[in-house]
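Engineer: Sharing a structure, written as structure tokens. Questions coming.
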Amino acid sequence: MNEIWTEKYRPKDLDEVVGQKHITERMKAYVSSRNMPHLLLAGPAGTGKTTCALALAKSLFGGEWKGNFIELNASDERGIDVVRGKIKEFARTAPLGDAEFKIIFMDEADALTSDAQAALRRTMEKYSKICRFILSCNYSSKIIDPIQSRCAVFRFSPLLKEDVENYLRMIISKESIKMDDDALEGLIHVARGDMRRAVNSLQVAASLGKQITLDVIYQTTGLAKPEEVKKMLETALSGNFLSARDMLDDIMIMYGLSGQDIIKQIHSSFFDLSITDSEKVRLMDKTGEVEFRIVEGSNERIQLEALLAYLVMMGGNKR
């Protein structure tokens, strides 16, 4: 198990890409016509943006794809000097072999500074005959409008549960992993449509060298069991603050969670509580306030206990 599974099982062509059929079908049309516009790939992490860019380049250029494709991570190289130097140098050289153009893939392009994006806009325009850009980002709103107007925009969505499950079952079969069905369900729940997270979590769990259970999944992914979080909240609503506080201690210590980690799980558990919609609204408003305070540097234990205290008071008003 000395390989990273996200790379070992990365799809080799567009037909193997999981989900995103509305995007891969249009990319196949680019391959057939041997032509494509600049592309902007936007969406959550782990949904196939980088995979689609690599698969498109391999389908277009075949064995010569490495000479006609360069990948840059804009979060590491985000200044204007990179656009004027490395990018411009690659863009102005002729493509190799029979290729009509080369591809520059910029991952996390929303990390580029405004000046760098302005310089990139001109480079995209000037060298468009021999070079195409594929920009990947989580938030397209952080890309300036002049660049967006020069690109065909593809919006990636979180992968469906069925797609994640089928792909994980393929890896489980090939790696001869023993895994409980409820553990697989838990892994899919934890991934939330992020295939990279699902595959990485599976590899970590499999590295323990024994049958993968639901407990192993939650311990290796750094998340608490949803039922434990729900029980803590219900205990607070029943008026037992000290017991709820002890449960919070156990959850944070056992799973090694930070305040931001646990507040996200608390937020997800609200919808499973037997309280009215108006109470859920008030609780959501309070949780947003607590989360903001934690992010701003407030003591996370005090803020989480304050949230439990609020639940106790909310439950007391009903009794």
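The values are calculated or read from the model by the stated rules, or taken from the named source; none is laboratory data. Nothing here was measured: the structure is a model prediction, and the numbers come from that model. Quick reminder, even Gly has a Cβ in these numbers, built from the backbone with ideal geometry, and neighbours come from all protein chains shown. SASA here: full protein model, heavy atoms, side chains in, ligands and nucleic acids out. Shrake-Rupley method; radii C 1.70, N 1.55, O 1.52, S 1.80 Å.
Engineer: Using the Cα centre as the reference, give the magnitude of the dipole from point charges on the C-beta atoms of the chain (Lys, Arg: +1; Asp, Glu: -1; all else neutral), rounded to the nearest 20 debye.
Structural biologist: Roughly 1220 debye, rounded to the nearest 20.
Engineer: Sort out for me the Cα centre separation of segment 210-256 from segment 1-64, rounded to whole Å.
Structural biologist: 39
Engineer: Dipole of the chain (Lys/Arg Cβ +1, Asp/Glu Cβ -1, origin at the Cα centre): which of Met252, Thr235, Ala119 lies farthest to the positive side?
Structural biologist: Towards the positive end, the residue furthest out is Ala119.
Engineer: Which ³J(HN,Hα) values, rounded to whole Hz and listed in residue order, are derived for segment 202-210 from phi using the Karplus coefficients 6.51, -1.76 and 1.60 in 6.51 cos²θ - 1.76 cosθ + 1.60 with θ = phi - 60°, glycine and proline given as x?
Structural biologist: 5, 5, 4, 5, 5, 5, 6, x, 8
Engineer: What ³J(HN,Hα) values, in whole Hz, does the Karplus curve 6.51 cos²θ - 1.76 cosθ + 1.60 give for segment 9-22 when θ = phi - 60°, with x put for Gly and Pro?
Structural biologist: Here the 3J(HN,Hα) series is 10, 5, x, 8, 9, 5, 5, 8, 5, 7, x, 6, 4, 5 Hz.
Engineer: Still on this structure, please answer the following. In whole percent, how big is the carbon plus sulfur part of the accessible area of the chain, probe 1.4 Å, protein atoms only?
Structural biologist: Working: 7720 of 15830 Å².
Taking all protein chains in place, the chain shows 49 percent carbon and sulfur surface.
Engineer: How far is it, in nm, from the label point at Val295 to the one at Ser268 when both lie 7 Å from their Cα along the line to the Cβ?
Structural biologist: Going by the 7 Å Cα→Cβ label model, 1.8 nm.
Engineer: Using the heavy atoms of the protein chains and a 1.4 angstrom probe, tell me the accessible area per residue for the chain in square angstrom.
Structural biologist: About 50 Å² of surface per residue is accessible.
Engineer: Given (i) 75, 47, 31; (ii) 85, 55, 38; (iii) 71, 48, 37 as candidate values of Cα extents along the principal axes in Å, which corresponds to the one derived from the coordinates?
Structural biologist: Only one listed value fits the structure, namely (i).
Engineer: Could you pull out every residue, at least 5 positions away or on a different chain, whose amide H is within less than 5 Å of the one on Leu40? Hs are placed 1.01 Å off N in the peptide plane, and Pro or chain starts have none.
Structural biologist: Amide H neighbours of Leu40: Leu135, Ala152, Val153, Phe154.
Engineer: Collect residues whose amide H, placed 1.01 Å from N in the peptide plane, falls under 5 Å from the amide H of Ile212; neighbours closer than 5 in sequence don't count.
Structural biologist: Lys178, Met179, Asp180
Engineer: For the chain, find the longest principal axis of its Cα atoms and tell me its angle to the long axis of helix 277-295, 0 to 90°, nearest 10.
Structural biologist: 70
Engineer: Could you tell me which residue out of Val17, Phe69, Ala42 lies farthest along the dipole of the chain toward its positive end? Charges go on the beta carbon: Lys and Arg +1, Asp and Glu -1, centred on the Cα centre.
Structural biologist: Phe69
Engineer: What list of ³J(HN,Hα) couplings, whole Hz, do you get for segment 96-108 from phi and the Karplus terms 6.51, -1.76, 1.60, once you set θ to phi - 60° and write x for glycine and proline?
Structural biologist: Values per residue, Gly and Pro as x: 8, x, 8, 5, 7, 7, 10, 10, 10, 9, 10, 7, 6 Hz.
Engineer: What pairs from Lys21/Lys161; Lys12/Lys142; Lys178/Lys231; Lys66/Lys161; Lys8/Lys86; Lys102/Lys126 go past 22 Å between their alpha carbons? Before the final figure, lay out the partial values.
Structural biologist: Details: Lys21/Lys161 15 Å; Lys12/Lys142 30 Å; Lys178/Lys231 30 Å; Lys66/Lys161 33 Å; Lys8/Lys86 29 Å; Lys102/Lys126 14 Å.
The pairs that break the limit, which is 22 Å between Cα atoms, are Lys12/Lys142; Lys178/Lys231; Lys66/Lys161; Lys8/Lys86.
Engineer: Can you list the residues, at least 5 places off or on another chain, whose amide H is less than 5 Å from the amide H of Cys131, using H built in the peptide plane?
Structural biologist: Hits under the 5 Å cutoff: Lys102.
Engineer: Same structure again: Who wins for biggest fluctuation among Leu308, Leu160, Leu54 in a Gaussian network model of the chain, springs between alpha carbons below 10 Å?
Structural biologist: Result for the chain, Cα springs under 10 Å: Leu308 fluctuates most.
Engineer: If you fit an axis through the alpha-carbon atoms of helix 226-237 and take the longest principal axis of the Cα set of the chain, what angle between them do you get, 0 to 90°, nearest 10?
Structural biologist: On a 0 to 90 degree scale, this one is about 40.
Engineer: Something else: Measure nothing fancy, just the Cα-based angle from helix 161-174's long axis to the longest principal axis of the chain, in degrees from 0 to 90, nearest 10.
Structural biologist: Approximately 80 degrees, to the nearest ten.
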